[in-house]
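Undergrad: Below is the structure I would like to discuss, written out as structure tokens.
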Amino acid sequence: MIPLRRPAPSPTVEASARGAADQLSVRHYGASPGSHAHDHFQILLGLDGVLELEVEGQGRRVGSGDGLVIAPGDRHDFESARGARCLVLDSPDPAWARLGAAGPRPDALPLARYLASACTAGLVRARLLGPALLQEAWAPPALPLRPRRAIDWSALQTWAKGTAPLTVADVAARAHLSAAQFSERCRQELGLNPMAWLRGLRLQQARQLRAQGLPVAEVARRCGYRSPSALTAALRREGPAEPAKIDD
């Protein structure tokens, strides 16, 4: 577990190559801890050293040849006591959701080293083909999946809004899944971790109730916030998804 207290400056970017939607870069991580989240997938492939991370409360390590897919919205803390260098891909491609549980193939490290040197040299093919090559190197072609029960997200959302407060286990049980299965489906189908999805539902419900003129205290009670001030802070921190009355 990484005892991080405050965010630090971002890792040093050695070189990068940006395409239309993806960005490859080589980044150096040091002993100063950092903490942040992104609105896109971030894929790490270790080149040198060991990078220690905590992703949504789970400890992870990325050494040479190791890989990690960080989903959009997942807060991650990171540091490297002796320094580490990683090939990093920032990508909005939802295909990375299904690859998150897998890891890179054993022969992915030579590809990562080539792409790192290509980024430094500014080679055009690294910018154009690097992200697709990383996906191919991350895991063998997936076998056809067996049919599985569809989740009616609209119905689940309607139920969840009227049943606060909720845990991930509560919602998973409603969908007839285990908490782990629901978390995986949430990431695959919505691109969010389940806690981020639940927070979004609570904020959406709170905005709707405030727009109807309900007092902050009553909205906080209905939506499962511990106090009116906690609700107000959450609304202001996230910002309105659309023009909404969030002040008294």
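The values are calculated or read from the model by the stated rules, or taken from the named source; none is laboratory data. Small disclaimer: the values here were computed from a predicted structure and weren't measured. Every residue, glycine as well, gets a Cβ built from its backbone with ideal geometry; the counts of neighbours run over all protein chains shown.
Undergrad: Report yes if some residue within the stretch 81-92 is touching a residue at least 60 places away in the same chain (Cβ under 8 Å), touching a Leu at 6+ places or on another chain (Cβ under 9 Å), acidic (Asp, Glu) and in the same structural domain as residue 31 (by TED's automatic domain parsing); otherwise report no.
TA: Scanning the stretch 81-92 turns up at least one residue that is touching a residue at least 60 places away in the same chain (Cβ under 8 Å), touching a Leu at 6+ places or on another chain (Cβ under 9 Å), acidic (Asp, Glu) and in the same structural domain as residue 31 (by TED's automatic domain parsing).
Undergrad: Here's something else I'd like to know. Just to verify a result, which residue in the stretch 20-35, among those that are more than 22 Å from residue 48 (Cβ to Cβ) and surrounded by fewer than 16 Cβ atoms within 10 Å (Cβ to Cβ), is modelled with the lowest pLDDT?
TA: 20
Undergrad: Check off (1) modelled with pLDDT of 85 or more; (2) closer than 30 Å to residue 70 by Cβ; (3) of a type outside the set (D, E, K, R); (4) surrounded by fewer than 19 Cβ atoms within 10 Å (Cβ to Cβ) for residue 191 and give me the number that stays unchecked.
TA: (4)
Undergrad: Could you list, in sequence order, all residues of the stretch 73-112 that are within 12 Å of residue 138 (Cα to Cα) and either of a type in the set (Asp, Glu) or loosely packed, with under 15 Cβ neighbours inside 10 Å (or both)?
TA: Selection gives 95, 101, 102, 106, 107.
Undergrad: Anything in the stretch 170-219 that is outside any loop (DSSP other than H, G, I, E, B) and of a type in the set (Gly, Ala, Ser)? List them, or say none.
TA: 172, 173, 179, 180, 183, 196, 200, 206, 211, 217
Undergrad: What number of residues within the stretch 30-62 are under 17 Å from residue 101 (Cα atoms) and without any contact (Cβ under 8 Å) to a residue 40 or more places away in the chain?
TA: Of the residues in the stretch 30-62, 6 are under 17 Å from residue 101 (Cα atoms) and without any contact (Cβ under 8 Å) to a residue 40 or more places away in the chain.
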